[in-house]
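Written out below as structure tokens is the structure these notes cover.
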Amino acid sequence: MEFHSFLSDLTTTLLGGILLALFFFLVKEKICPLPQVSGQWYFEMRTEVTAYRPYEGMVLRYVAMVWREGPTIKGTVEKIYEISTTGERAFVGSNRTRGIIEGYIEKNYLSKDKILMHIKENGHGRESTYFFYAHRSDESRDDRLLPGDGG
């Protein structure tokens, strides 16, 4: 009689564990998946406050190819446009400066997902580095990204 009770308890525990694991898998993969960030991105950076006057009001535009490997974000970036005190110019072909993107997605089940990206640009004469922070919008749990406040 004790063996039958042990076997019944073991079967119930195993079945409950399997159902619980399946539940958490469905929540993670189907109900709250990571945002789809792979694809072509456009970045625009505006310099509003700086101690170096020639950079004041400067606008830089970049095109990036981004892909996601799990929560890790990787990619490449090219500067395609600039407005500065020296004038306005588009960068074409070999005149474009290239860089790499590294980052990750911070998955939050009870708040907005956070996306953090670090760009290292191999500019003409020196390397530049930029940090971007964004979060997914709440509208219909779509994959639109909004600029974050860094926190």
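For the reader, a short list of remarks on this structure follows.
- Once both labels are positioned 7 Å from their Cα atoms along Cα-to-Cβ, the gap between residue 5 and residue 129 label points is 6.4 nm.
- Note on residue 13 and residue 111: the model spin-label points, each 7 Å out from Cα along the C-beta direction, lie 3.8 nm apart.
- Entry note: region 39-147 has Rg to Rh equal to 1.01, where both radii use alpha-carbon atoms and Rh is the Kirkwood radius.
- Distance-filtered residues of region 91-121 - backbone nitrogen under 19 Å, label point 7 angstrom along residue 50 Cα→Cβ: 91, 96-99, 119-121
- Under a model in which nothing but the beta-carbon of Lys, Arg (+1) and Asp, Glu (-1) is charged, the chain shows a dipole of about 500 debye around its Cα centre.
- The length gained on full extension between residue 67 and residue 95, counted as 0.36 nm times the residue separation minus their Cα-Cα distance, comes to 7.6 nm.
Values quoted throughout were computed directly from the atomic coordinates according to the rules given, and no laboratory measurement underlies them. All values reported here derive from a predicted model rather than from experimental measurement. Heads up, the Cβs are rebuilt from the backbone with ideal geometry, glycines too, and the neighbour counts pull from every protein chain shown.
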